[in-house]
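The structure appears right after this line, and notes come after that.
FYI, it's all coordinate maths here, none of it is from the lab. Every value quoted in this text rests on a predicted model; they were computed, and no experiment measured them. Don't worry about glycine lacking a Cβ; one is built from the backbone with ideal geometry, like all the others, and counts go over all protein chains shown.
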Amino acid sequence: MLRTIIVLALALLARPAMAEVPLSGTFTATTACPAYQSISRQTNPGDISLVPGTNYELVAANKTPPTHLWLIIPGAEPNRRWVDIGCGTTDVALASTSDTPAQPRTYRGTQYVLAVNWQPAFCETVPNTRECRGQRENSFEATHFTLHGLWPQPRSNEYCDVSQRDIWASRDGRWHDLPPLDLTISQRRDLDEVMPGSQSGLDRHEWTKHGTCYGADQREYVSDSLDLMLALNTSEVVDLFAGNIGRRITLDQVRAAFDASFGPGSGERVAMTCVRDGNRTLVTELQINLTGEITSPDDFGALLLAAEPAGSDCRSGQVDAVGLR
């Protein structure tokens with residue numbers, strides 16, 4: 001069970017989330033430095049290195065003052081990579097950014113929405129799907145959140161370098177026509193547990209629509225998603241839901257549980273989605289704003305606090321029990 005893994009790690013203090021600084025300009029390589037997909041993990045799919053004398057388009061700096069720059073490297077997959085600032089020169093005055101007064105901007109770093117379902121309520125809306133026909137009282141989804149998806153922002157950031165054929169299959173709901181994900185055995189096992197919708201090909205759809213814009217390969221995208229779900233499903237938030245099955249809870253209670261688990265103010269980054277089901281209003285989903293680099297489950301609090309507050313139309317709803325009514 002995911003709930004039993006790395007629980008002690010969540011007791012550690014969360015590391016600060018990275019707050020990237022958007023840049024526009026050119027970086028000229030002077031050294032054949034490695035180009036990393038992730039600074040902290042130093043992952044480098046394809047063993048990509050800079051070509052001395054080549055100009056690269058700048059995307060962002062990792063912080064102010066920066067230690068690394070985010071470049072577009074043609075031919076790399078993914079093509080946005082981090083390099084040490086000492087690997088070349090740039091036409092952007094990086095040193096001056098620390099003395100420049102902060103200006104309002106819409107971009108505040110690498111932003112995501114983590115969308116999670118309360119599966120019993122979600123299944124009331126789509127009872128004929130494969131995953132909803134097989135619900136069990138003792139299943140993981142009866143008392144835990146399930147993964148809808150991890151969505152790079154803004155919302156228009158989707159279907160990156162995806163063929164038209166796969167775009168139409170994704171949009172038409174023909175998800176089993178999409179290519180299967182290349183995951184490890186343990187990732188597949190954990191994803192199938194925390195994302196019951198993978199029985200209907202939801203994992204393929206989420207990768208095609210959102211994961212292709214994540215700037216990482218399928219395994220890292222899934223690994224980061226699982227880390228976030230682990231943090232959430234071992235928190236007071238899941239205890240609030242599991243302890244109130246059949247009863248109504250409020251958005252204020254949900255946000256207070258986030259504050260208690262991940263730090264004061266974190267709950268303001270959470271929106272709640274509800275649907276009408278006969279004479280009931282059911283909580284079906286939480287959408288959680290995050291900003292920064294995801295490296296482990298204990299990043300969750302810092303990622304929340306670095307993000308923008310979220311508005312929510314739903315103020316209260318019932319926590320549904322597993323099984324269709």
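Worth pointing out:
- Under 5 Å between amide hydrogens, built in the peptide plane, is the criterion, and for Ser316 it picks out Leu251 among residues at least 5 positions away or on other chains.
- Computed Kirkwood radius, in angstrom, where 1/r is averaged over Cα pairs of the chain: 21.0 Å
- Student exercise, the chain dipole from Lys, Arg, Asp, Glu Cβ charges, in Debye to nearest 20: 600 debye
- Using a Förster distance of 35 Å, the FRET efficiency for Asp239-Asn157 (Cβ separation, nearest 0.05): 0.60
- Alpha-carbon centroid distance for the pair segment 278-323 / segment 50-71, whole angstrom: 34 Å
- Mean residue ellipticity (222 nm) of the chain, computed from DSSP H runs ≥ 4 via -39,500 (n - 2.57), nearest 500: -6500 deg cm²/dmol
- Note on the chain: dipole from Cβ charges, positive end direction compared against Thr90, Gly211, Pro309; the farthest Cα belongs to Pro309.
- Whole-angstrom gap from segment 217-232 to segment 158-202, using each part's C-alpha centre: 15 Å
- For segment 278-299, the residues whose amide N sits under 19 Å from a probe point set 7 Å from the Cα of Arg247 along the beta carbon direction are 280-284.
- Convex hull (Cα only) mean projected area of segment 142-277, reported in nm² to one decimal: 9.5 nm²
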